[in-house]
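The values are calculated or read from the model by the stated rules, or taken from the named source; none is laboratory data. All values reported here derive from a predicted model rather than from experimental measurement. Heads up, the Cβs are rebuilt from the backbone with ideal geometry, glycines too, and the neighbour counts pull from every protein chain shown.
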Amino acid sequence: MNEVGVIRNQLVLERTHARAVANACASTMQDDTTAIASGRSLAQFRRACVDYLACVLAWFEERDQRLADLLQADLRSTDPARRSLEEVLARPGRSREVLAKLEAACNRAAASGDTAGRQEWREFAEYFNDVWSTRRDALDALLSTDLRATDWRSFGGIDADSILEERRRYAQVCAQVPPGVALGTSPQ
């Protein structure tokens, strides 16, 4: 596999893991039976999920910024691909927006107990699955065209350390999954 393939595969893996973590966390936090049955393990699971999502979503936000910088530096202003990428980058659904919804859900749960904030968790999951994912899909489709390896390297920010860090954080989430919860479940 070439370098671009490695970078693209890692980005797909990060999105897949982020979706599984976001949906399992939101679903679990909306389910009274899981919360009652899990107690302390639920808090540990939520903490591992939030740590994972905060890290990976921050990486996606940084990538978007590097991509915007790359567009300003390398592409002609009349290039239709540039205009399309700029349009998608300007859409709602930035990672910082989904992180704000995650923070609101966590703050509500912290203020009112672990099972509080069902609406905030639902809003987080809906925003993640609809607005954020739709924006990412559009970016991925545009980026799948003819970018050079140096461009992928520049905006992707993927290296051995980041790959290992993502795997370590995802393994921590997997290790904290409460009984009866499966990663990859859809929010209710």
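So which residues in the range 66-95 are exposed (fewer than 12 other Cβ atoms within 10 Å of the Cβ) and within 16 Å of the chain's Cα centre (by Cα), if there are any at all? 92, the sole residue that qualifies.
When residues in the range 126-138 are screened for being touching a residue at least 60 places away in the same chain (Cβ under 8 Å) and touching a helix residue (DSSP H, G or I) at 6+ places or on another chain (Cβ under 6 Å), 1 of them pass. Looking at the range 152-161, is at least one residue over 19 Å from the mean Cα position of the chain (by Cα), over 15 Å from residue 22 (Cβ atoms) and at pLDDT below 90? Yes.
With the condition kept exactly as written, say whether any residue in the range 142-151 is crowded, with 21+ Cβ neighbours inside 10 Å, of a type in the set (Asp, Glu) and in contact with a helix residue (DSSP H, G or I) (Cβ under 7 Å, 6 or more places away or on another chain). Among the residues of the range 142-151, not one is crowded, with 21+ Cβ neighbours inside 10 Å, of a type in the set (Asp, Glu) and in contact with a helix residue (DSSP H, G or I) (Cβ under 7 Å, 6 or more places away or on another chain), which makes the answer no.
Taking residue 84 as the residue in question, decide whether it is within 22 Å of residue 52 (Cβ to Cβ) and hydroxyl-bearing (Ser, Thr, Tyr). Considered against the rule, which asks whether it is within 22 Å of residue 52 (Cβ to Cβ) and hydroxyl-bearing (Ser, Thr, Tyr), residue 84 comes out as no. When 48, 58, 109 are checked against the criterion of being modelled with pLDDT of 95 or more, surrounded by 16 or more Cβ atoms within 10 Å (Cβ to Cβ) and outside any loop (DSSP other than H, G, I, E, B), a single residue qualifies: 48.
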